[in-house]
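**Student:** Input: one structure, supplied below.
The values are calculated or read from the model by the stated rules, or taken from the named source; none is laboratory data. Note that the structure is a prediction, hence the values are computed from the model and not measured. Don't worry about glycine lacking a Cβ; one is built from the backbone with ideal geometry, like all the others, and counts go over all protein chains shown. What goes into the accessible areas is simple: the full protein's heavy atoms, side chains included, and nothing from ligands, DNA or RNA. Shrake-Rupley method; radii C 1.70, N 1.55, O 1.52, S 1.80 Å.
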Amino acid sequence: MVLDKELAELIFPDVHDTIEDLEKRYPKRNLAQGCEVTRFAPSPTGFLHTGSLFTSLICHKVAKDSNGVFYVRLEDTDTKREIQGSGEELLKQLHLFGIDPSEGYLGNSQKGEYGPYIQSERAYIYKVVIKHLLEEGKAYPCFCSQEELDDIRAKQEKAKIIPGYYGPFAKYRYLTNDERKERILRGDPYVIRFKSSGNHVRKIKVSDLVHGNFEIAENDMDIVIFKSDGLPTYHFAHVCDDHFMRTTTVIRGEEWIASLPIHIELFKALGWEAPKYAHLPVIMKIGENGNKRKLSKRLDNEAAVSYFLKDGYPSEALIMYLMTIANSNFEEWIFEHHFEHMEDFHFSFDKMSLEGALFDMGKLNFFSKEILSKKNKYEIKDMAISYAKEYNPNLLSLINRDEDYFMEIMNIEREKENPRKDYEKLGGLDEAISFFYSDLYDASIKENPLSFNERFSKDDIKEVLTSIKDNLSLEQDEQSWFNNMKEIGEKLGYAPNGKMYKQNPESYKGSVSDVAEMIRISLTTRRNSPNLYYVMKVLKKEECDRRFNSVISNL
Ligand code: GLU
């Protein structure tokens with residue numbers, strides 16, 4: 001009669017290490033009480049999802065707040081879904097958001113004593129643990145073909161019972177070791193399954209840092225732990241890796257709650273203490289039919305982090321926004337702290353809402369404006385250059401024409417107590433500032449005639465522009481400049497303020513704001529622009545006059 005140990009040897013003849021060897025190689029971490037070891041465990045199957053950025057943000061924060069360790073593990077066991085290069089890309093993107101692991105898979109390299117941190121390089125470790133389970137009779141080779149699996153499922157569906165490979169349906173669980181040996185020697189393909197001793201009628205108590213304590217049915221499925229390609233499944237790899245990498249808290253998406261009973265049973269079968277778990281709520285949005293749904297890779301731009309990068313949102317803005325989803329008290333805190341030093345905020349799982357948060361673009365835009373308005377002209381220039389290098393060659397060429405001029409443009413009403421929030425993101429900045437450049441201004445005028453308010457005749461406009469050109473000096477402070485503009489307007493029949501005009505509309509042609517609008521449209525081609533006084537100062541008198549003359553002669 002073939003013993004479990006012999007069968008294990010037959011399956012893994014090259015595995016000579018034991019679990020004890022692994023315990024020695026990956027000893028408990030020497031960290032102070034309360035230090036959390038967390039990990040972000042992406043699969044290299046595509047772009048960084050906004051939900052994954054959220055998860056990694058929390059993992060990073062929890063480790064940082066506790067002086068612990070945050071590491072990244074690349075979960076590449078699903079070789080069919082792997083997209084070449086996406087692991088490196090994920091790490092690059094995390095870095096842009098200030099989420100840098102101190103250990104683990106770093107993109108082009110790995111760092112740390114608990115590696116390798118790429119699952120496909122850990123095959124030997126998994127084999128050691130699976131060999132141990134085989135020796136203990138807690139796992140078995142399963143020779144079930146796809147047809148047999150389909151057949152089992154069809155029977156279960158017909159009988160309206162829970163589908164899956166369990167109990168009486170787990171047909172290869174009942175082979176003898178002699179039969180197993182015979183099939184292996186014959187070369188029959190197989191996977192290795194865990195022999196569950198659970199019963200779904202029984203419940204286990206679980207504790208989750210976000211969801212609190214709850215009960216959930218035991219696992220009774222004989223799940224595959226080792227595939228025929230020599231790699232483990234997620235469930236098994238998670239248990240092995242988080243044990244030997246000495247993770248203290250597993251932080252992952254809520255979609256994994258359903259598999260928690262499997263993981264708990266595996267930890268038990270191996271005699272290991274399970275880590276703490278925190279299952280994070282998913283990020284939702286209101287779908288086309290008005291109902292909440294998960295952000296979808298296929299349907300929603302905002303599901304991919306790259307969307308925000310391409311659009312030129314400052315990474316801090318997205319992180320700040322995600323923190324409002326993470327903790328209900330963050331928003332008030334960050335207002336009180338003037339949108340600065342968010343690293344000082346103390347994150348707590350208790351303050352996380354259980355319901356999936358709705359992605360709120362408006363709130364993100366708000367944070368983005370705040371953050372951009374707080375940068376000084378040098379910071380803005382550096383941010384714009386690195387953004388433009390990656391995504392916007394037009395913008396880059398504008399900045400490269402004259403960096404100082406670009407900074408002057410961006411410095412309009414910046415670096416003061418209440419800076420103006422003219423810019424929401426860097427995407428489209430080339431468009432927004434194009435009128436500051438004479439050639440682009442000229443080209444725009446040629447293509448699109450200026451659209452002045454139709455209440456005013458060409459002669460009215462000519463009269464205002466000529467008078468402004470000849471009499472409005474820029475060599476004075478803003479208030480005097482404005483008063484001066486009012487006086488010029490008044491002489492031509494424009495009320496010095498809106499109130500007076502409203503009270504007596506027939507006595508005036510319009511008000512000072514109409515005068516300002518004529519100037520603004522003439523100089524910038526648009527109805528909205530940064531502060532007109534400063535726009536004129538940046539353009540300088542000579543260029544303003546050139547533009548006035550050209551508008552006047554073309555009217
Ligand atoms: N590789 C898994 C995923 O991408 C990770 C889940 C976990 O954090 O354990 O969903």
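**Student:** Go through region 37-52 residue by residue and turn each phi into a ³J(HN,Hα) via Karplus (6.51, -1.76, 1.60, θ = phi - 60°); whole Hz please, and just put x for glycine and proline.
**Tutor:** Karplus values, whole Hz, x for Gly and Pro: 9, 10, 9, 10, 10, x, 9, x, 10, x, 6, 6, 7, 4, x, 6.
**Student:** Taking amide H positions as placed in the peptide plane 1.01 Å from N, state which residues far from residue 280 in sequence (5 or more) or on other chains have amide H under 5 Å from it.
**Tutor:** Placed amide hydrogens put 252, 253, 254 under 5 Å from residue 280.
**Student:** Just the number, please: percent antiparallel of the DSSP beta bridges in the chain, rounded to the nearest 5.
**Tutor:** 55 percent
**Student:** Put +1 on the Cβ of each Lys and Arg and -1 on the Cβ of each Asp and Glu in region 207-344; which of 266, 224, 290 then has its Cα farthest toward the positive end of the dipole?
**Tutor:** Among 266, 224, 290, the one farthest towards the positive end of the dipole of region 207-344 is 224.
**Student:** Just to be sure I understand: if I project the alpha-carbon convex hull of region 1-54 onto a plane and average over all orientations, what area do I get in nm²?
**Tutor:** So the Cα hull casts an average projection of 7.9 nm².
**Student:** Normalising by the residue count of the chain, find the relative contact order in percent from Cα pairs under 8 Å and 6+ residues apart.
**Tutor:** Over the chain, the number comes to 11 percent.
**Student:** What is the angle, in °, between the Cα long axis of helix 438-447 and the longest principal axis of the Cα atoms in the chain? Nearest 10 is fine, range 0 to 90.
**Tutor:** So the inclination is approximately 90 degrees.
**Student:** Let me ask something else about it. For the chain, find the longest principal axis of its Cα atoms and tell me its angle to the long axis of helix 478-491, 0 to 90°, nearest 10.
**Tutor:** The helix 478-491 is inclined about 50 degrees to the chain.
**Student:** Could you give the accessible area per residue of the chain, probe 1.4 Å, as a whole number in Å²?
**Tutor:** Spelled out: the 1.4 Å probe surface of the chain, per residue, equals 49 Å².
**Student:** Please compute the volume of the convex hull spanned by the alpha-carbon atoms of the chain and report it per residue in Å³.
**Tutor:** It is 210 Å³ per residue.
**Student:** Could you list, bin by bin from short to long, the percent of Cα-Cα pairs of region 66-180 in 5 Å steps?
**Tutor:** It works out to 2, 9, 13, 13, 12, 12, 10, 10, 10, 6, 2, 0, in whole percents.
**Student:** Rounded, prolate or oblate: pick one for region 126-248, where a ≥ b ≥ c are the square roots of the eigenvalues of its C-alpha gyration tensor, a/c under 1.5 means rounded, and failing that, prolate if a/b is larger than b/c, else oblate.
**Tutor:** Here region 126-248 falls in the oblate category.
**Student:** Something else about it: Compute the separation of the alpha-carbon centres of region 300-319 and region 377-412 and state it in Å as a whole number.
**Tutor:** 19 Å
**Student:** Just how large is the dipole of the chain about the Cα centre, in debye to the nearest 20, putting +1 at every Lys and Arg Cβ and -1 at every Asp and Glu Cβ?
**Tutor:** Rounded to the nearest 20 debye, it is 940 debye.
**Student:** Which shape class applies to region 364-411: rounded if a/c is under 1.5, otherwise prolate when a/b exceeds b/c and oblate if not, where a ≥ b ≥ c are the square roots of the Cα gyration tensor eigenvalues?
**Tutor:** The shape class here is oblate.
**Student:** Given H placed on each backbone N at 1.01 Å, which residues far from residue 225 in sequence or on other chains put an amide H within less than 5 Å of it?
**Tutor:** The list, which skips near neighbours in sequence, is 192, 193, 194.
**Student:** Taking 22 Å as R0, compute the FRET efficiency from the Cβ-Cβ separation of residue 458 and residue 416 and round it to 0.05.
**Tutor:** About 0.05, to the nearest 0.05.
**Student:** Quick one: with all protein chains in place, what share of the accessible area of region 137-220 is carbon or sulfur, to the nearest percent (1.4 Å probe)?
**Tutor:** 53 percent
**Student:** Next question. By how many degrees, 0 to 90 and rounded to 10, does the Cα axis of helix 234-244 deviate from the longest principal axis of the chain?
**Tutor:** 90 degrees
**Student:** At 222 nm, what helix-only mean residue ellipticity would the chain give, in deg cm²/dmol to the nearest 500, using -39500 (n - 2.57) for each DSSP H run of four or more?
**Tutor:** Calculated at 222 nm, the ellipticity per residue is -14000 deg cm²/dmol.
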